[in-house]
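In what follows, a structure is listed as C-alpha cells, so that the remarks can point back to it.
The values are calculated or read from the model by the stated rules, or taken from the named source; none is laboratory data. Note that the structure is predicted; figures quoted are calculated from it, not measured. FYI the Cβ positions are ideal-geometry reconstructions off the backbone, even for glycines, and counts take in every protein chain you see. Ligands, DNA and RNA are stripped out before the accessible areas are found, and what is left, the full protein with its side chains, is counted by its heavy atoms. Shrake-Rupley method; radii C 1.70, N 1.55, O 1.52, S 1.80 Å.
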Amino acid sequence: MYEATEIRWHGRGGQGTVTAAKLFAQSAMVGGKYVQAFPEFGPERTGAPVKAYNRISSKRLTIHCGVTNPSIVVVVDPTLVGTTDFTEGTDEKAVFLVNTKDDPAAVRKKIKLKGGRIYTIDATRISLETIGKPIPNTAMLGALAKVSGIVDIKRVLDDVKEDFEKKFPEKITQKNLEAVKRAYEEVKGE
Amino acid sequence: MRQINPDVCAAYPITPSTQVMEQFSEYVADGLVDTELIATESEHSAMSACIGAAAAGGRVMTATSSQGLALMWEMLYIAAGMRFPITLACVNRALSAPINIHGDHSDSMGARDSGWIQIYAENAQEAYDNQIQAVRIAEHMDVRLPVMSCMDGFITSHAIDSLELLDDKTVRDFVGEYKAINPLLDVEHPVTYGALDLQDYFMEHKRAQAEAMKNSRKIVIDIAKEYKKISGRGYEYFEEYYMDDAEIAIVILSSAAGTVKTVVEAMRAKGEKVGLLRPRIFRPFPYNELSDALSNVKAVAVMDRADSTGAEGGPLYMEFKSALYNRKKQPLMINKIFGLGGRDLMLPDIEMVYRELRDIKNSGKIRALSEYITVRGEEAAYGKA
C-alpha cells in the first residue's frame, strides 16, 4: 500500500525553493529512503509564487501524480503568509514550517488555522546574516531537518556542501552551511 | 549517454529540447566522453547530421522533444530507411498549438510510422535501462534500425527519482565496440548512400526494412535478458500488474502507469479484481502477446496520452483494438484520452475508470467508446457503442 511523507514547498522564483526540495530529497535518499522531488513548472519569473514537492517513503514509489494532500508544508517566503492559501489540502495533523519574523501563535492567528502544528523560523534574517543575501532556502532546509525528523542534519550539511562546492566558491558554501546549522538550532514550535 | 560514450552526438540544445543535451555538453567539455558534439541550428539539421555521422561509420545518439521531434520528421524516415542504428532519447512533450511545454505522447505517437523502434519508460530507472539496451537493439545485425527511447516530459525528465546506476565499465562492455557497416569513411571500399530507388527496387528495400522491424521482436527480448544479467532488472514487451486473475484492466503507457499501480493496490486490498497492463515496446507492437495477456479480461480501458483526432480513439487504443479483432475471446474495450499537455491524472480519476469498467463488465453495455477525461466542459464522449 502507498505510504509516503508528502511535502509541499511554497516560495517565490529566485529563492532556491526548487533547489531546496531537490537537496532535501537527496539527503533522504542517501539516508536510505525512496524519494521524489519535482517542481510545479510554469513561466519562470523572479518573484512569482512557485511550488515544489517531495515524496519520501521507505517503500518504492510508483505514484507519479501531483501532491494534493501534503503532511508537511514549507513556506519559504514570508510574504506568502496571508496572501496564498498554503493550507489547501491539509488535514489537522499537518505540519507547517514558515519563514517569518513572527512566532507560531501569530501565524496561526493571521491565517486562522485550526489544528495542525506550526513552526516558525526567521530564515530571511539568518540568510542575510550569514550569506548576506535574502536567499532563505538553505536555512529552511536546516529547519525542515529538525521539524520533519526524516533526515539527519549531518547528512543535510554534507549534501549542501557537495552540491554548493560544484557551483560556488568555498566561502559561499561555508556561509550556507552556517545558515543550515543556525536554522536547525533556532526553529520554534508551538 | 556518458557511459555509452557515442562517437557523435548532434542536437539542437535549447527549448524545446531538455537539459539532456545541456548536461551532456558538460561531459564533453569536461572530457568525460570523447564524443564529437555538434550543436546544430535546428532539429532538422540535428537529425541530418546524425544521419551523416552514421553513414560515415559512427555510433550516434541524440535527444529531443516535442516540436523538435516534429521538425526532425522528414529525417526520421530517412534514418530508418537508410537503416542507421541511431538512438534518440525522446522526452515526451505536447505539440503546439496552443504552446505547452509539458508531458504528453503526441510527439512520439505521431512518429510511430517512421520506422523507428519505440520503447516507453515508466520512470527514471527504466529510462536509463532502456537507453542502454536501445544501443544494442539498434546495432544488432538482424535489426540495424534507429531506436527512440521515450520518457515522460517533466514527470520523469525534470523530477528527482531514486536510481541505480551501473558502473561505467559494465555499461561499456555491454554496449561493446561499434561495428559500422559500409561506412563512407572506408575510402578503400566506396559506397553510395541515398541513391534514387524507383519502381524496380524501392519496394524490396521497404520490405527489408519491415523484416528488420519484425526481427527486432526477438532481439528486444534477447537484449533484455542479457541486460538482466548485468543489472538484475528484467524487462519484457510489457509489464503485467495483478493481471493473473484480473476481470477488468487499464492499459496505459509510461509514468501514469505508476500512479495506476497505486490505485490497483488499494482496490485489490478491497478484493476487487483489477489489473494493469503497461506496454513498454510500442514498435514493434507485440500484438500476439498483448492479445494473449488480455484474453481472460472482461473489460479494458486503453488510456491514451495523445489523440488521433477523427479516428475512433487514441493511437494505443487503435493498436489494441486491431490486435484483438481476429480473436475469439475479446474483452469489451473503451478508450480514455487523458493528460494532454501535462494535465495530471490523479488517483480518483483512475478509480472512476475502474468503476466504469466494473459497470461495463456487469451490464455488458458501453456508454461511450472514447472520451476525454479530467477535462472541462460538457460530457466529451464521442463514438456511441
Inset, instruction - Please list the helices of chain B that count as membrane-span-like by this rule: a mean Kyte-Doolittle hydropathy of at least 1.0 together with Cα atoms stretching 18 Å or more along the helix axis, each helix being a complete DSSP H run. - result: none
Legend entry - Cβ-placed point charges (K, R +1; D, E -1), dipole of segment B:187-280 about Cα centre in debye, nearest 20: 360
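Interface A/B, total buried accessible area with a 1.4 Å probe, nearest 100 Å²?
About 1700 Å² of accessible surface is lost on pairing.
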Legend entry - Gyration tensor verdict on chain B (Cα atoms; rounded if a/c is under 1.5, prolate if a/b is larger than b/c, oblate otherwise): prolate
Inset, instruction - Could you grab the relative contact order for chain B? Cα pairs under 8 Å, six or more apart, rounded to a whole percent. - result: 13
Inset, instruction - Take the alpha carbon atoms of segment B:68-82, find their center, do the same for segment B:215-293, and report the distance between the two centers in whole angstrom. - result: 29
Inset, instruction - Measure off, as a whole percent, the carbon and sulfur share of the 1.4 Å-probe accessible area of segment B:8-231, all protein chains present. - result: 56
Inset, instruction - Give, ordered by residue number, each residue of segment A:61-109 whose 1.4 Å probe accessible area is reduced by a minimum of 40 Å² on adding the remaining protein chains to the chain alone. - result: A:Thr62, A:Ile63, A:His64, A:Cys65
Legend entry - With every protein chain in place, segment A:35-159: carbon and sulfur % of accessible area (1.4 Å): 51
Legend entry - Whole-number accessible area per residue in Å² for the protein assembly as shown, which is evaluated in the context of all protein chains at 1.4 Å: 45
Legend entry - Positive-end extreme of charge dipole, segment B:169-267 - chosen from B:Ser231, B:Ala246, B:Met203 (charges on Cβ): B:Ser231
Inset, instruction - Express the relative contact order of segment B:1-56 as a whole percentage, based on alpha carbon pairs under 8 Å and six or more residues apart in sequence. - result: 45
Inset, instruction - For chain A, evaluate the Debye formula with one uniform point scatterer on each Cα (no solvent term) and list log10 I(q)/I(0) at q = 0.12, 0.16, 0.17 Å⁻¹, rounded to two decimals. - result: -0.52, -0.96, -1.09
Inset, instruction - Over segment B:159-307, consider all pairs of different Cα atoms and compute the Kirkwood hydrodynamic radius from their mean reciprocal separation; express it in Å, one decimal. - result: 19.3
Legend entry - Furthest towards positive pole of dipole, B:Asn182, A:Leu177, A:Phe96, structure part the protein assembly as shown, Cβ charges: A:Phe96
Inset, instruction - Provide the convex hull volume over Cα atoms per residue for the protein assembly as shown, in Å³. - result: 170
Legend entry - Shielded residues, segment B:151-176 - accessible-area loss of 20 Å² or more between chain alone and all protein chains, probe 1.4 Å: B:Phe154, B:Ile155, B:His158, B:Ala159, B:Ile160, B:Asp161, B:Ser162
Legend entry - With DNA, RNA and ligands ignored, accessible area of B:Tyr178 (1.4 Å probe; Å², nearest 10): 40
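Report the Rg/Rh value for segment B:8-231, based on alpha-carbon coordinates and the Kirkwood definition of Rh.
Details: Rg = 17.0 Å, Rh = 17.9 Å.
Answer for segment B:8-231: 0.95.
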Inset, instruction - Quantify, in whole percent, the carbon and sulfur part of the accessible surface of segment B:264-306 (1.4 Å probe; protein heavy atoms only). - result: 44
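Could you order A:Thr17, A:Thr83 so the one with the most accessible surface comes first? Probe is 1.4 Å.
A:Thr83, A:Thr17
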Inset, instruction - Could you list the square roots of 5 times each eigenvalue of the Cα gyration tensor of segment B:238-384, that is, the equivalent ellipsoid semi-axes, sorted largest first and rounded to whole Å? - result: 20, 18, 16
Inset, instruction - Go through segment B:258-274 and flag every residue whose accessible area shrinks by 40 Å² or more with all protein chains in place compared to the isolated chain (probe 1.4 Å). - result: B:Thr259, B:Thr262, B:Glu265
Inset, instruction - Sum -39500 (n - 2.57) across every DSSP H segment of at least 4 residues in the protein assembly as shown, then divide by the residue count to get the 222 nm mean residue ellipticity, nearest 500. - result: -12500 deg cm²/dmol
Legend entry - Loop sites in segment B:151-259: GluC sites (Glu not before Pro), DSSP, at most 12 other Cβ within 10 Å: B:Glu164, B:Glu177, B:Glu188
Inset, instruction - Rounding to the nearest 20 debye, state how big the charge dipole of chain B is about its Cα centre with +1 on each Lys and Arg Cβ and -1 on each Asp and Glu Cβ. - result: 1500
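Determine one quarter of the surface area of the Cα convex hull of segment B:56-110, which equals its mean projected area, and express it in nm² to one decimal.
For the Cα atoms of segment B:56-110, the hull's average projected area reads 3.9 nm².
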Inset, instruction - Within segment A:1-96, report the trypsin sites (Lys or Arg not before Pro) that DSSP leaves as loop and that have at most 14 other Cβ atoms within 10 Å. - result: A:Arg45, A:Lys59, A:Arg60, A:Lys93
Legend entry - Amide H partners (placed H, <5 Å) of B:Ala306, local residues excluded: B:His105, B:Phe338
Inset, instruction - Could you list, in their original order, any pairs among A:Lys114/B:Lys261; A:Lys110/A:Lys154; A:Lys93/A:Lys154; B:Lys214/B:Lys270 whose Cα atoms are separated by more than 32 Å? - result: A:Lys114/B:Lys261; A:Lys110/A:Lys154; B:Lys214/B:Lys270
Inset, instruction - Find, among the trypsin sites (Lys or Arg not before Pro) in segment B:333-377, those assigned to loop by DSSP (not H, G, I, E, B) with at most 16 other beta-carbon atoms within 10 angstrom. - result: B:Lys365, B:Arg367, B:Arg376
